[in-house]
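Peer 1: Before I ask anything, let me first share the structure, which is written out below as structure tokens.
The values are calculated or read from the model by the stated rules, or taken from the named source; none is laboratory data. Computed from a predicted structure; not experimentally measured. Note: ideal-geometry Cβ built from the backbone for every residue, glycine included; neighbour counts use all protein chains shown.
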Amino acid sequence: MKPVAFAYYRPQSLAEAVRMLREHPGSKPIAGGQSLIPLLNFRMARPEALVDLNRIPGLDEVEVRGQRLRIGGLVRHQQLHEHPLVRQHWPVLAQAAGEVGHWAIRNRGTLGGSLAHADPAAELPAVMVAADAVFELVSADGVRQVPAREFFYGYLMTALQPDEVLAAVELPLASGTSWGFAEVARRPGDFALAGAICECRPDGTGAVTWFAVGGGPERHELVVAADANERAAQWQDLAATLDAQDDYRRHLAAVVAETAYLRSLGRDGQ
Amino acid sequence: MSQAEARQTQRVVLQVNGQRHELDVEPRWLLADVLRHQLGLTATHVGCEQGVCGACTVLVDGKPERSCLMLAVQAEGCEVTTVEGLTPAAGLSPLQAAFQQHHALQCGFCTPGILVTMEALLRENPHPDEATVREALSGNVCRCTGYQFIVDAVLAAAKEGR
Amino acid sequence: MAVDMLKPQFTGARVTRLEDARLLRGQARYLDDIHLPGMLEVAFVRSTRAAARITGIDVQEALRTPGVVAVLTHADLPWEIRNDGFGVTQPVLARDEVRFVGEPVAVVVADSRYAAEDGVERVKVSYDPLPPVLDMEQALADAPRRVHSQRANVFFHSEHTTEGFAEAFAQAPHHLQLTFRVHRQTGVSMETRGCAAMPDPASGRLTVYVSHQSPHGVRAQLARVLGIPENELRVIVPEVGGGFGIKAMFYPEYVVVTALARKLGKPVKWVSDRTECLLSDAHGRDSVHEVAVAFTEEGRIVAVRDRVLGDNGAYPFPGFPGAVGESNWATNMLPGPYKIPHISLTVDCVFSNKTPLGPYRGVGGPIGAQVQEGMVEAVARHLGKDAMEVRRVNLIQPEDFPYRTATGNVYDPGSYSESLEAALRLLDYEGFRRRQAQLRKQGRYLGFGVCVFVEPSAMAHSEAGSTPYEAAFIRMEPNGTVTAALGLGPTGQGHETTMAQIIADRLGVDVKDVVVLHGDTDSAPFGGGTGGSRSGTIGGGAAIRAGEQLRAKLVKLAAHLLEAAEEDIELADGQAFVAGVPARGIPVRELARIAYTDVNRLPADMPPGLEVVARYQPPAPATYSNGTHAAIVEVDIRTGLVRVLDYAAVNDCGRLINPLIVEGQIHGGVAQGIGSAFLEELRYDEHGQLLTTSLMDYLLPAATDVPRMRVQHLETPSPSLGGFKGMGEGSLIAAPAALANAVSDALAPFGVLVTELPIRPEQIVAWVQAAGQGA
Ligand SMILES: Cc1cc2nc3c(=O)[nH]c(=O)nc-3n(C[C@H](O)[C@H](O)[C@H](O)COP(=O)(O)OP(=O)(O)OC[C@H]3O[C@@H](n4cnc5c(N)ncnc54)[C@H](O)[C@@H]3O)c2cc1C
Ligand code: FES
Ligand code: FES
């Protein structure tokens, strides 16, 4: 289990990075390496060259810009989990980041990497879709903004071009909406068997965004029923439409949706 | 790239346990392999090369990270600490001593990764409760001990202020 | 001198381990830490097919890979491992047919593992696929084909029925039929397997380092396969990062690496990666028990019929075909702690196109216990009784010892009932029942499960081979420190400490002054190694005996020098002295000096030096540890996930050498039991591809999966020297059954009885849903 040979470049600026990605065909960015290096070790990824984003200044910042929370692509999961601005404005994101892998994985894995990798069982892509985040993709040609809801195509597939870097994400500062997050995993720290983010707006409308039960984040708008039995039927009907691995996953989808819903109301869904 | 080019090495400067090492590495060499086989720091172990088992955990700028999921070339400019770097010239560190006292190891293969992780935990949180210790430990697999004596050792070390 | 006359100072105490300092400081040397200048590394080309004919192997491109030194196939290394009695040989590199995914087909030697893997990718093997044999029932009838064309798939069959079985079975008022199954699991030592071989140009001998449980076992096998005299082979087992049975086996890779070192005249190393391990380490478990049980109104079990089918995978490991080991153990120990007068057993073991089966801690014990305790649970439910009552009715009582089971074992005394009652007290069984009833009303499902286990240990035959004895060599050095050597193969059990404790007590020296060597065939006496929970009892017995003999020498010398009778000499705290007159003494250190360097002062009939070798073989073919494990679990019926909330292990392994180490063994076994019950499963697809080839798929218990465990010791000494009984496996024998029963208990309202391990969460959800639909 050792990687194939490749060249290694360590750009000092974003401009240099995207130029390198353009100049070296078969090259790939590497951020935390927590998804890419396992693939390299299994020789399932065979890049000609790696462009290391880790030393690019400015990519690891979290700040509020106007009505948006801006998070750099290189922000580590653990930073995301602990950052005061994230905890203040997007507690559900901070919570989700804490569920990614184990401590040592979170210390190195990055937000940009998780989004670019687009594992269907990953927490952060789903939060981005739920939150209606916008991604800033940078290439040698310039910058383009892509909404999270248009970014994920399916299993490990995204709108990202091979020579683009996901430099930052921007989330609207939440307004009166309450959020809940839930996931089920075999062991703590494992990729989820099923997970959901539930949002409830003051006007009674809301949405559920699932992960791990399809090819990517799955978001559905709905008016969540107040009655528990009706709600159970709602979740089941929605879950039935999911392209999940099996009935068990669809069953879990309903379970996590309910838990996330209860949590969004501040109730402990166990 | 052609095979011949591929095996070309790059000069890197690594800072490990406070010592500076200048060496030639292939970009694909994992930090774990370079620590073990180039620098002879064999306390860091390799159990899965996939990030799951935690045997290869080292401190990178003070934080536990997987040395099997980091290229040696990427470690340039970082301060890497292994168990060798946490071990006093003679005897045992307080955490190591607590491990011995509480029989927190059997085959010892997982132990360096666990020591490094728990050392970092106690620096961040000098008085963790059992649940916190177990959570921080959950990324390190030990096949021998069932974890109980490891948890006891960490809690005891915390109590004694390490 | 009788053991009882000693006042043990270290034996029985919670002595912290002597091996820890090097391990904690990061100075221990494991297999992959062995490095020699010019060392080559190898990687194997492994079969990607479960069953196929090899039609060609093209190594040309691999040979052109930078860094690659050689690529070899069966044509170059035509060695075969013979497996006596089954008419099957295993080529160390596949000859013209592959029989499981992961079987070594070719080997690439290179200047680094990276380059070796580059080479492996470029070896082109052409296969002509054959239909794989994957289902054991079908395999019985040689369908779809034979794994080895020259012989039937069934390679082992045995039957045993007690006299009067049929009548006893027929006359019983109640009968139940149950099918128990355990899927494939494996040891997953954190250190992977590996070996390194190097010729010694000076002596012409070969040195082989191997991460193994039995150094002499490896030497014997290598000598046999490669035709090298044993005195020209030196096998060294360095620090071993866990074994659990898988490292007791002899694998083809060891032959290949040793042969390569000889052929190339260079040091060669192979270290398995985790995927190779999951593909090629001995798999364990994988058997089906079809059970019929006959019992009385009171719940007394009078007769049990068990038809066992075990899947051995493609090849039998020499000396230990896993399916045979599993089935024999499980059936032999089927009665467990219960008085079951009649037994009828049928065992069939088949070959399949899967990884060869070998031992994993507990071997057939876990499935045996699962059958035994599942039966009890089923009987209790059938009769509407509490399962603990059914246990009490059937348990072997103190007055029954020595007890001969229907399967022919003779149990030495144990604390069967006492351990059950103690475990129930530890977890407050009565209180639990009340709490359980309350919580059920809130939709929470807790369950209580028990396993009363009997662990055969220190057996004459086990996966560690058929060496019914151990040898201990002890030398007191001229300065009074002690060097001992044993033929054991510890993989974390702390033998350097336990054996030192035993020896120190015999010699009256400090435990820290005793160094215990092992693992090097050049220095250790011939021994069976570690496996089958034999080291403490048999190795400990040898240490006692050798210690006694050396003690006798010291006493004789002291008596001579102190002008006292030998009977009056005591050894303690580094002093030899006349009993009751501590002032009349001489330091042991001084005795040692005299024995080597002042030999004129020795008694006339005493040769110089202080060295002994002694062997010990226990009086009985096995000694039986026992105990009871009890678990409280909570099942989340919505997700199917199970949490272990509380756990108690009451353990009786005779006299304790070191309670700290015993507790560590129990904790570790229980954690593995949690893995066995809920997480660990090697899964194959319909083509015979192993799907669980990484630790992302083969799930091991983490710190958050294992509860705090309560351990209580009972001590019923064995008739062996020292009174020790082995205990390395009991916790993994008992834990899966206790946990399975706890889940059954939790889900009793849904009519669930767990008979298959591991329990998958989707299965639990399906049970609950099915019960809901049925209601
Ligand atoms: C043991 C273990 C457990 C894990 N558990 C979880 C879990 O529970 N949930 C979860 O979500 N994840 C989990 N992960 C994966 C982890 O979250 C990764 O960190 C994350 O998926 C990838 O982030 P990274 O920075 O490490 O990316 P990398 O591994 O460096 O890269 C991943 C991919 O993204 C590309 N890429 C990286 N950064 C950028 C960028 N800024 N712009 C464009 N492309 C980029 C790379 O080229 C590569 O293709 C786990 C990993 C391990 C090893
Ligand atoms: S070897 Fe790095 S986590 Fe297992
Ligand atoms: S002590 Fe053996 S793996 Fe932890």
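Peer 1: In region C:558-658, which strands (runs of 3 or more DSSP E) lie fully inside it and hold 3 or more residues that are modelled with pLDDT of 95 or more, farther than 30 Å from residue C:481 by Cα and in the same structural domain as residue C:678 (by TED's automatic domain parsing)?
Peer 2: Per the criteria, C:623-635, C:642-652.
Peer 1: With in a strand (DSSP E or B), more than 13 Å from chain B (Cβ to nearest Cβ) and not basic (Lys, Arg) as the only criterion, which of C:56, C:38, C:12 stands out?
Peer 2: It is C:56.
Per-residue answers, yes or no, for (1) among the acidic types (Asp, Glu); (2) in contact (Cβ under 8 Å) with a residue 12 or more places away in the chain; (3) under 30 Å from residue C:301 (Cα atoms):
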{"site": "C:111", "(1), (2), (3)": "yes, yes, no"}
{"site": "C:134", "(1), (2), (3)": "no, yes, no"}
{"site": "C:137", "(1), (2), (3)": "yes, yes, yes"}
{"site": "C:159", "(1), (2), (3)": "yes, yes, yes"}
{"site": "C:174", "(1), (2), (3)": "no, yes, yes"}
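Peer 1: Among the residues in region C:212-232, are any touching a Lys or Arg at 6+ places or on another chain (Cβ under 6 Å), closer than 23 Å to residue C:284 by Cβ, of a type in the set (S, T, N, Q) and within 14 Å of chain B (Cβ to nearest Cβ)?
Peer 2: Yes, the conditions are met somewhere in region C:212-232.
Peer 1: Could you check region C:681-712 and list, in sequence order, the residues that are within 11 Å of chain B (Cβ to nearest Cβ) and more than 16 Å from ligand 1 (Cβ to nearest atom)?
Peer 2: C:706, C:707, C:708, C:709, C:710, C:711, listed by residue number.
Peer 1: For region A:227-254, which residues satisfy the criterion of being in contact with a strand residue (DSSP E or B) (Cβ under 7 Å, 6 or more places away or on another chain) and part of a helix (DSSP H, G or I)?
Peer 2: A:234, A:238, A:249, A:252, A:253 - these are the residues of region A:227-254 that are in contact with a strand residue (DSSP E or B) (Cβ under 7 Å, 6 or more places away or on another chain) and part of a helix (DSSP H, G or I).
Peer 1: Quick check: is even one residue across region C:395-405 farther than 26 Å from residue C:322 by Cα, part of a loop (DSSP other than H, G, I, E, B) and among the hydroxyl-bearing types (Ser, Thr, Tyr)?
Peer 2: no
Peer 1: Additional query: Can you find a residue that is over 18 Å from residue A:161 (Cβ atoms), within 7 Å of another protein chain (Cβ to nearest Cβ), in a loop (DSSP other than H, G, I, E, B) and at pLDDT 95 or above anywhere in region A:23-32?
Peer 2: Checking region A:23-32: not a single residue is over 18 Å from residue A:161 (Cβ atoms), within 7 Å of another protein chain (Cβ to nearest Cβ), in a loop (DSSP other than H, G, I, E, B) and at pLDDT 95 or above.
Peer 1: Let me ask something else about it. Only one of these is more than 14 Å from every other protein chain (Cβ to nearest Cβ) and surrounded by fewer than 24 Cβ atoms within 10 Å (Cβ to Cβ): C:239, C:253, C:276. Name it.
Peer 2: Of C:239, C:253, C:276, the one residue that is more than 14 Å from every other protein chain (Cβ to nearest Cβ) and surrounded by fewer than 24 Cβ atoms within 10 Å (Cβ to Cβ) is C:253.
Peer 1: Just for region A:67-87: of the residues that are over 15 Å from the mean Cα position of the chain (by Cα) and more than 13 Å from residue A:179 (Cα to Cα), which one is farthest from the other protein chains (Cβ to nearest Cβ)?
Peer 2: A:67
Peer 1: Here's a follow-up. Is it the case that some residue within region A:46-54 is more than 14 Å from every other protein chain (Cβ to nearest Cβ), away from ligand 2 (no atom under 16 Å from the Cβ) and among the aliphatic types (A, V, I, L, M)?
Peer 2: no
Peer 1: Residue B:55 is checked against (1) surrounded by 23 or more Cβ atoms within 10 Å (Cβ to Cβ); (2) near ligand 2 (Cβ under 10 Å from one of its atoms); (3) within 18 Å of residue A:40 (Cβ to Cβ) and fails just one. What number does that condition carry?
Peer 2: (3)
Peer 1: Sort out which residues of region C:649-680 are surrounded by 22 or more Cβ atoms within 10 Å (Cβ to Cβ) and away from chain B (no Cβ under 12 Å), and write them in order of number.
Peer 2: Within region C:649-680, C:650, C:651, C:652, C:653, C:654, C:656, C:657, C:676, C:677, C:678 qualify.
Peer 1: Further question on the same structure: Among B:23, B:35, B:14, B:71, which is the only one that is surrounded by 23 or more Cβ atoms within 10 Å (Cβ to Cβ), more than 16 Å from ligand 2 (Cβ to nearest atom) and closer than 28 Å to residue C:38 by Cβ?
Peer 2: Going through B:23, B:35, B:14, B:71 in turn, the sole match is B:14.
Peer 1: Quick one: in region C:363-378, of everything that is among the aliphatic types (A, V, I, L, M) and crowded, with 24+ Cβ neighbours inside 10 Å, which residue is farthest from residue C:336 (Cα to Cα)?
Peer 2: My answer is C:363.
Peer 1: Would you check which residues across region A:218-247 are without any contact (Cβ under 8 Å) to a residue 24 or more places away in the chain and buried (at least 21 other Cβ atoms within 10 Å of the Cβ) and list them?
Peer 2: Residue satisfying the conditions is A:234 alone.
Peer 1: Another question about this same structure. Filter region C:729-775 for residues that are under 18 Å from residue C:379 (Cβ atoms), surrounded by 21 or more Cβ atoms within 10 Å (Cβ to Cβ) and out of contact with any strand residue (DSSP E or B) (no Cβ under 8 Å at 6 or more places or on another chain) and give the result.
Peer 2: Correct list: C:752, C:754.
Peer 1: Same structure again: For region C:680-704, give me each residue that is in contact with a Ser or Thr (Cβ under 8 Å, 6 or more places away or on another chain) and closer than 20 Å to residue C:663 by Cα.
Peer 2: Residues satisfying the conditions are C:702, C:703, C:704.
Peer 1: Now for a different question. Pick out, from region A:50-109, the helices (runs of 4 or more DSSP H) lying fully within it that include 2 or more residues that are buried (at least 21 other Cβ atoms within 10 Å of the Cβ).
Peer 2: Passing ranges, in order: A:77-82, A:91-98, A:103-106.
Peer 1: Which residue, of A:135, A:191, A:152, is modelled with pLDDT under 95 and either under 21 Å from residue A:244 (Cβ atoms) or of a type in the set (Phe, Trp, Tyr) (or both)?
Peer 2: A:191
Peer 1: Same structure again: Considering each residue of region B:83-108, count those that are at the interface with chain C (Cβ under 7 Å from one of its Cβ atoms) and more than 19 Å from residue C:663 (Cα to Cα), and give that number.
Peer 2: Here the count works out to 5.
Peer 1: Against the definition (more than 14 Å from ligand 3 (Cβ to nearest atom), over 12 Å from the mean Cα position of the chain (by Cα) and at negative phi), how does residue B:94 come out, yes or no?
Peer 2: yes
Peer 1: Buried (at least 21 other Cβ atoms within 10 Å of the Cβ), within 30 Å of residue C:65 (Cβ to Cβ) and in contact with a helix residue (DSSP H, G or I) (Cβ under 6 Å, 6 or more places away or on another chain): does that describe residue C:92?
Peer 2: For residue C:92, the condition - buried (at least 21 other Cβ atoms within 10 Å of the Cβ), within 30 Å of residue C:65 (Cβ to Cβ) and in contact with a helix residue (DSSP H, G or I) (Cβ under 6 Å, 6 or more places away or on another chain) - is met.
Peer 1: Tell me, please, whether a residue that is surrounded by fewer than 19 Cβ atoms within 10 Å (Cβ to Cβ) and within 18 Å of the chain's Cα centre (by Cα) can be found in region B:144-158.
Peer 2: There is no residue in region B:144-158 that is surrounded by fewer than 19 Cβ atoms within 10 Å (Cβ to Cβ) and within 18 Å of the chain's Cα centre (by Cα).
Peer 1: Something else now. Looking only at region B:109-130, how many residues end up being more than 16 Å from ligand 3 (Cβ to nearest atom), away from chain A (no Cβ under 11 Å) and either touching a residue at least 40 places away in the same chain (Cβ under 8 Å) or in a helix (DSSP H, G or I) (or both)?
Peer 2: 4
Peer 1: For region B:56-84, which residues satisfy the criterion of being assigned to a strand (DSSP E or B), within 16 Å of ligand 1 (Cβ to nearest atom), over 23 Å from residue C:274 (Cα atoms) and aliphatic (A, V, I, L, M)?
Peer 2: Residue satisfying the conditions is B:60 alone.
Peer 1: Assuming residue B:36 fulfils every condition listed in (1) basic (Lys, Arg); (2) facing chain C (nearest Cβ under 10 Å); (3) within 10 Å of residue B:116 (Cα to Cα) apart from one, which condition is it?
Peer 2: Unmet for residue B:36, out of (1) basic (Lys, Arg); (2) facing chain C (nearest Cβ under 10 Å); (3) within 10 Å of residue B:116 (Cα to Cα): (3).
Peer 1: Answer yes or no: is there a residue in region C:645-667 that is in contact with a helix residue (DSSP H, G or I) (Cβ under 8 Å, 6 or more places away or on another chain) and closer than 21 Å to residue C:445 by Cα.
Peer 2: So far as region C:645-667 goes, yes, one or more of its residues are in contact with a helix residue (DSSP H, G or I) (Cβ under 8 Å, 6 or more places away or on another chain) and closer than 21 Å to residue C:445 by Cα.
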